[in-house]
Amino acid sequence: MTSPDLRTLPKAELHLHIEGTLEPELAFALAERNGVTLPFADVDDLRRRYDFEDLQSFLDLYYACMAVLRTEQDFTDLATAYLERAAADGVRHVEMFFDPQVHAVNGVPVDVVIDGLRAGLDIGRERFGITGGLIVCIVRDHPVASAEALLDEIAPRAHELLGIGLDSAEVGYPPSLFEGVFRRAAELGLRRVAHAGEEAPAAYVWEALRLLEVERVDHGIRSIDDPELLAHLAEHRVALTVCPLSNVRLRAVPELSAHPLRELVDAGVVVTINSDDPSYFGGYIGDNYAAVASLGFDTAELAQLAANSIEASFADAGRKADLL
Ligand code: ADE
Ligand code: ZN
């Protein structure tokens, strides 16, 4: 390929929190529709607060904004808006995270969230040809009992979900806390992924691999500190879902030029590029690929990263063959 358009290179998005696609304009529109008062004056005031110090400072704002999501239609509208943007960036398959425990605190049952998001995915398939599924995330700084109760609730419709993930505040909430939850999720037929090594050390990545038996690691950038771990990831082709702009905005790296992406790729790790929470971090997946290009990745390397995303997806073999 000589000069691929980064935005149309066929790709899968494997690390995307659908709540992180909530643009300020939609947040205010939904607040009005649902009679919810946001603790921000207006769209500009909200956007001005997107200057984060770390993961926790982002999560505080992110969870506050999630209060506007109340109805099935809200979740469908949110997913549809994301899928339209993703299609323009060449996304052909998406595995979408969502946080039911936070919606439950807002009084929204998990069934409402799943129904709304599935309706959005149906629209995405019909309108934009995007395939995909839902990954239910365990919010790791909520009690483990709350994660177990969530599994009880979703068990009857586990076949409508693709997988289970683990997100939210990382340091102090190691994967080991959720070993039983992930074992049960596997028994329900759910694929397993977890955020690990975003802010916390490489030891969290080892725990996610050994105790949760994850098939991909979300972020995983701290793996760079452990050569044995890098060799393990490369040998077993465990993909990392890396989110460069997120890592810069949440100060997981001091600046883009200090991102360990090149070292991860050179170590033979299957790296994929994703947007995490694009509304909050200054760019969708196409902007993340553009950031990677600015780090000196050439055309063939960018095409390989896109191919990695399809290979590392949970799409069936036929769909993968179509996309590669
Ligand atoms: N939830 C949404 N975005 C997240 C991130 N980058 N890390 C952990 N939890 C999250
Ligand atoms: Zn994430």
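With the crude spin-label approximation of a point 7 Å out along Cα→Cβ, what separation in nm comes out for residue 111 versus residue 179? Computed distance between label sites residue 111 and residue 179 equals 3.5 nm.
Would you mind calculating the gained length between residue 304 and residue 157 on full extension (0.36 nm times residue separation, minus the Cα-Cα distance), in nm to one decimal?
Values: separation 147, 0.36 × 147 = 52.92 nm, distance 3.52 nm.
Result: 49.4 nm gained on full extension.
Local charge sum around residue 174 (other residues, Cβ-Cβ under 11 Å, Lys/Arg +1, Asp/Glu -1)? In short, -2.
Across the options 158, 135, 94, the greatest Cα extent toward the positive end of the charge dipole of segment 94-184 (unit charges at beta carbon of Lys, Arg, Asp, Glu) belongs to 94. Each of 194, 234, 69 was placed along the dipole of segment 11-313 (beta-carbon charges, centred on the mean Cα), and the one lying farthest toward the positive end is 234.
Considering only the other residues whose Cβ falls under 13 Å of the Cβ of residue 80, what net charge follows from Lys and Arg at +1 and Asp and Glu at -1? Spelling it out: positives minus negatives among the neighbours equals -3.
Straightening the chain between residue 71 and residue 234 buys 54.4 nm, computed as 0.36 nm per residue apart minus the Cα-Cα spacing.
Counting pairs of alpha carbon atoms under 8 Å apart in space and at least six apart in sequence, what relative contact order in percent does segment 111-238 give?
Working: 175 pairs, mean separation 23.6, N = 128.
Averaging sequence separation for qualifying contacts and normalising by length gives 18 percent for segment 111-238.
Dipole of the chain computed with +1 at Lys/Arg Cβ and -1 at Asp/Glu Cβ about the Cα centre; of 256, 300, 21, farthest Cα towards the positive end is 300. A straight line joining the Cα centroids of segment 118-184 and segment 278-295 runs 25 Å. Within segment 11-313, the ratio Rg/Rh, alpha carbon atoms throughout and Rh by Kirkwood, equals 0.94. Label-to-label distance, residue 84 versus residue 256, with points set 7 angstrom from Cα along the beta-carbon direction: 2.7 nm.
Once the piece of chain linking residue 290 and residue 210 is laid out straight, how much longer is it, given 0.36 nm per residue of separation minus the C-alpha distance between them?
Details: separation 80, 0.36 × 80 = 28.80 nm, distance 3.39 nm.
Extra length available between residue 290 and residue 210 comes to 25.4 nm.
Charges were assigned to the Cβ only: +1 to each Lys and Arg, -1 to each Asp and Glu. The resulting dipole of the chain about its Cα centre is roughly 560 debye.
Each reported figure results from applying straightforward, stated rules to the coordinates on display, with no laboratory input. Everything numeric in this text was worked out from a predicted model, so none of it was measured. Cβ sites come from the backbone with ideal geometry, for glycine too, and all protein chains shown count toward neighbours.
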